[in-house]
């Protein structure tokens, strides 16, 4: 644990082994290099001529993970956040490079911020900027950051303990002012470990909700864990996760017969010495001895009956190492002590399955810990909020949360924000506006509520008031890149192009890894005729996230307008690789092909577009023009009539004019 977070060392990994690393799913190439005493992670793709394109490089400022299982590399951003970089190092098989969880898919994932929940379990408590302790705050950290989990994580604040010891106070007096987990009741003792190792799932659910009146780093060893956070699991039995996850040790242990039959006597400390970790044969001997403390008689009886091998390897069979389903390059001990070892090759390589809308959990969210779940009114509010928090059980959750709010009128603004979010997911923006307004009555400076209210107002068409809310959110949090981005969106919808450009520029400057901000800036600059600046912004968006479809399509359009048809076609093809159903991009791709004198290929793309959306007016118009140019006036007229039936008035008029010209 003391090595869980550190500064990088140039000699930390063998940089000559396995680098550069090519990610097969995206074709991107990654490498880590040392320069001037610093480590850097870089990523690039190969262009149509074999040249490096979309090249990005990040300085590695910190390393998360001791290396016992993995190391993740972090970059310190200008806004004080930490950015998780895509390529990681794994210790299995003697050490190798592979993608971090969430990055190992066929789509690019932009480097993401290290949340407070990540930092909570992977480091000692850091200092954070004032106001950032609220839910949904940008996770930012103040220097200097601690390096590794410290003694206070398990023993509580140690200042008084150290001062009394230095003054030579009596031993008992010194001991009284610090937590000794071994002296805690069994449930409190377990909670010292479970503060980090109680994760029912790493998928969206939510698995945990921190109480709204608690800061992200306010838990103290020895206090009841449910005063800090409540834990949830999937409600549908057939929807439980299969396999094990990397941080499921406590959950798995609590399912085991050994734990259940101990009636609270068994804790993590029954097997683990937190101050010393055995390895190899020494570890096997220790854990076998621990098992025999309870099972010696039964074990001897099984040997006598010839029902068990005489050489016990208890852990190897009853707590085998298994590959984790969420971090597919890591292998962990399964803490669900089982009589029979699960069948199959538990170490077989598996592919990461990214969580998408179509495969995410949808169903009830039920309490997991504590049990029995508290029955207070506040806890009923949290249980209702859990239903809508990650969109798992929105329809039922909205009604449940709405009823509890009407009954209890809670003071915490966050409950109303969660209700508003649920209503937005249901498509009821008008009721969401009311919920967000109730949140603001309780916390007028809540950036979260202001921005959410602005989004709901935009959905109802109240753009001017949405602009007012976003300006208020910017005043409350001037360094919030997402607030500036939302402000630019509203400015653009109101025709305020100059203001939108300034807002998008501010957003991209505050968060250089915010690909959507760079793309929006590029689009706004292009619309204003600033093509050189627009191209720079769009290329920056693609350096951050190479498969950002809108940026690929926008850059393709820009290059086409400049006459660079080869470049335009390349970027249209990249966009369609990621989003083959993007009909507008496919139509523009077809136009570029036609301009490059490739009419057959252009026609093929337009027919694919119409297979995707048979009523898309632009595709009918473009195909009609192509057919008419080749003398096929009958089919051209058919497509012009369909284009004229569409809702776009400009396309309708153009189609009618062309019908008259060809006498149809």
Helix 583-595 sits off the longest principal axis of the Cα atoms of the chain, rounded to the nearest 10 on a 0 to 90 degree scale, by 50 degrees
dims of the range 527-635, Cα set, principal axes, largest to smallest, nearest Å -> 46, 25, 23
With R₀ set to 25 angstrom, the calculated FRET efficiency between the beta-carbons of residue 217 and residue 166, to the nearest 0.05, is 0.45
Honestly the range 291-408 on the Cα gyration tensor test (a ≥ b ≥ c root eigenvalues; a/c under 1.5 rounded, otherwise a/b vs b/c for prolate or oblate) is just oblate
With a Förster distance of 30 angstrom and the Cβ-Cβ distance between residue 93 and residue 255, calculated FRET efficiency to the nearest 0.05 equals 0.50
Taking the chain and counting helices only, DSSP H stretches of n ≥ 4 at -39,500 (n - 2.57) each over all residues, the nearest-500 ellipticity at 222 nm comes to -14500 deg cm²/dmol
Whole-Å distance linking the alpha carbon centroid of the range 402-476 with that of the range 32-110 is 37 Å
Percent relative contact order for the range 5-122, counting Cα pairs under 8 Å at least six residues apart, stands at 20 percent
Here the relative contact order (percent) of the chain, from C-alpha pairs under 8 Å and at least 6 apart, is 8 percent
Extension length gain for residue 615 and residue 276 (0.36 nm per residue less Cα distance), in nm, is 115.3 nm
For the chain, the Kirkwood Rh over every pair of distinct alpha carbons, in Å, works out to 28.7 Å
Taking 259, 103 and counting other beta carbon atoms within 10 angstrom, the fewest-first order is 259, 103
Length-normalised contact order of the range 34-78, Cα under 8 Å, at least 6 apart, in percent, tallies to 29 percent
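Every number in this text was worked out from the coordinates using simple rules, so none of it is lab data. Please read these numbers as outputs of a predicted model, since none were measured by experiment. Positions of Cβ are generated from backbone atoms using ideal geometry, with glycine treated the same way; all protein chains shown enter the neighbour counts.
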